[in-house]
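Heads up: the structure comes next, in structure tokens.
The values are calculated or read from the model by the stated rules, or taken from the named source; none is laboratory data. Just so it is clear, the model here is predicted, and its values are computed rather than measured. Heads up, the Cβs are rebuilt from the backbone with ideal geometry, glycines too, and the neighbour counts pull from every protein chain shown. With ligands, DNA and RNA removed, areas are computed over all heavy atoms of the protein, side chains included. Shrake-Rupley method; radii C 1.70, N 1.55, O 1.52, S 1.80 Å.
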Amino acid sequence: MIEQNCHAACIVDLDGSGFSAIYSRIHQYLLKGYAVAYVAEDNTATAIQNIKNSGVDVDHFLPTGALQVIDRDLYYNPNKELEPQKLLDQFSKIVTQVDFQKFKGMLGIGSAGPAFFQKGKLEPLLEYEHKIGKRFKVPVEIICCYRSNDIRQLEFSHLVSVITSHAYVITSEGTEHKGLNSDAIISFIAAGINKSLCANISDIILKTLEIAYGIKKERIISQPRIFKNALEKALGITSSRIVLAEIENEIRCALLGDNKT
């Protein structure tokens, strides 16, 4: 059920949409003998009640230590310096306290985004995301909750980073997408180019960038800012902004699971 170092993103809305998928997963994992650490809401008592209302027997799972519910804003304290390494060490401490002889594995659900977005520090957030999914030698699955409004604020390089950091995405409707990988990003780029310029021109544009600037497809994924700069040189600032906006729209639609960007 849990793949070691599996790392997913879940999109939630401020009105509560998306949390039902999270609560359902919590219930599923607890019943199958996994430990769960939940750090995705800013009020512990409310979070526990929400989980209970979804059908989880919290009165059983909390005392046994199978379920931990932690206040998000205390854990990801926006009033402190949000250092990726300290957050990684903090979560590692929770993992080391799990008895893996007793539990089959662990599901960790967190929402670091609000604290980082509040401080306007996205690079440390993305660094944290890239590292946490590759950290553990025990069966740990991690789900990172992103608010849909925050996804709408991300520009191209950050959107690429979110996709490449996570094995799959759970939309606010609960739909699970496992195909958001490097090939998917290239398809979003091609679709954005074709929609903003003209149909079937993406192959020519991408080939031009490769020949003129050495921007191969792998480099677009690993160095999205260099791709952006090359696009500006090839098309000019105005046209490249139109193209990038359409590419960003394609990626956001895939992450959000709808066309509301």
* Structure fact -> With the 8 Å Cα cutoff and a minimum separation of six or more residues, the chain has a relative contact order in percent of 25
* Structure fact -> In order over the range 143-152: 3J(HN,Hα) from phi, Karplus 6.51/-1.76/1.60, θ = phi - 60°, whole Hz, x for each Gly or Pro, gives 10, 9, 8, 10, 6, 4, 5, 6, 4, 5
* Asked: Over the heavy atoms of PHE91, what accessible area does a 1.4 Å probe trace out, to the nearest 10 Å²?
  -> 20
* Which shape class applies to the range 47-99: rounded if a/c is under 1.5, otherwise prolate when a/b exceeds b/c and oblate if not, where a ≥ b ≥ c are the square roots of the Cα gyration tensor eigenvalues? -> oblate
* To do: Could you please state how large a percent of the accessible area of the range 172-232 is carbon and sulfur, counting protein chains only and using a 1.4 Å probe?
  => 50
* **Separation of the ALA167 and GLN223 label points, Cα + 7 Å toward Cβ, nm** => 3.0
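Assuming 0.36 nm per residue, please report the length gained on full extension of the stretch GLN28 to ALA45 beyond their Cα-Cα distance. Could you put the intermediate results ahead of the total?
Numbers: separation 17, 0.36 × 17 = 6.12 nm, distance 2.12 nm.
Full extension of this stretch gives 4.0 nm more.
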* Can you give the Kirkwood hydrodynamic radius for the chain, in Å, rounded to one decimal and based on Cα pairs? -> 19.4
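Quick one: with all protein chains in place, what share of the accessible area of the range 47-111 is carbon or sulfur, to the nearest percent (1.4 Å probe)? Walk me through the numbers before you get to the answer.
Numbers: 1620 of 3440 Å².
Exposed carbon and sulfur together represent 47 percent of the surface.
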* May I ask you to derive the FRET efficiency for GLN90 and LYS216 from their Cβ-Cβ distance with R0 = 41 Å, giving the value to the nearest 0.05? => 0.60
* Structure fact -> Counting only DSSP beta bridges with both partners in the chain, the antiparallel fraction in percent, to the nearest 5, comes to 10
* First measure r as the distance between the Cβ atoms of LYS52 and ALA245, then evaluate 1/(1 + (r/R0)^6) with R0 = 45 Å and state the FRET efficiency to the nearest 0.05. => 0.55
* Using θ = phi - 60° and Karplus 6.51 cos²θ - 1.76 cosθ + 1.60, couplings along the range 204-212 (whole Hz; Gly, Pro as x) -> 5, 4, 5, 5, 4, 5, 5, 6, 7
* **Pairs of alpha carbons in the range 166-245 whose separation is greater than 18 Å (percent)** => 43
* When the helix-only estimate is applied to the chain (DSSP H runs of n ≥ 4, each -39,500 (n - 2.57), divided by the residue count), what is the mean residue ellipticity at 222 nm, nearest 500 deg cm²/dmol? -> -16000 deg cm²/dmol
* To do: Write down the accessible area per residue of the chain in Å², having rolled a 1.4 Å probe over the full set of protein chains.
  => 47
* Asked: Near LYS52, within a Cβ-to-Cβ distance under 14 Å, what is the net charge of the other residues, with Lys and Arg +1 and Asp and Glu -1?
  -> -3
* Residue-level accessible surface for SER20, protein heavy atoms, 1.4 Å, Å² -> 80
* To do: For an R0 of 35 angstrom, estimate the FRET efficiency from the Cβ-Cβ distance between LYS137 and SER17 and round to the nearest 0.05.
  => 0.50
* **Degrees between helix 44-53 axis and first principal axis of the chain (Cα, 0 to 90, nearest 10)** => 90
* Accessible area in the full protein assembly, largest first, 1.4 Å probe, for ASP59, ASP99 -> ASP59, ASP99
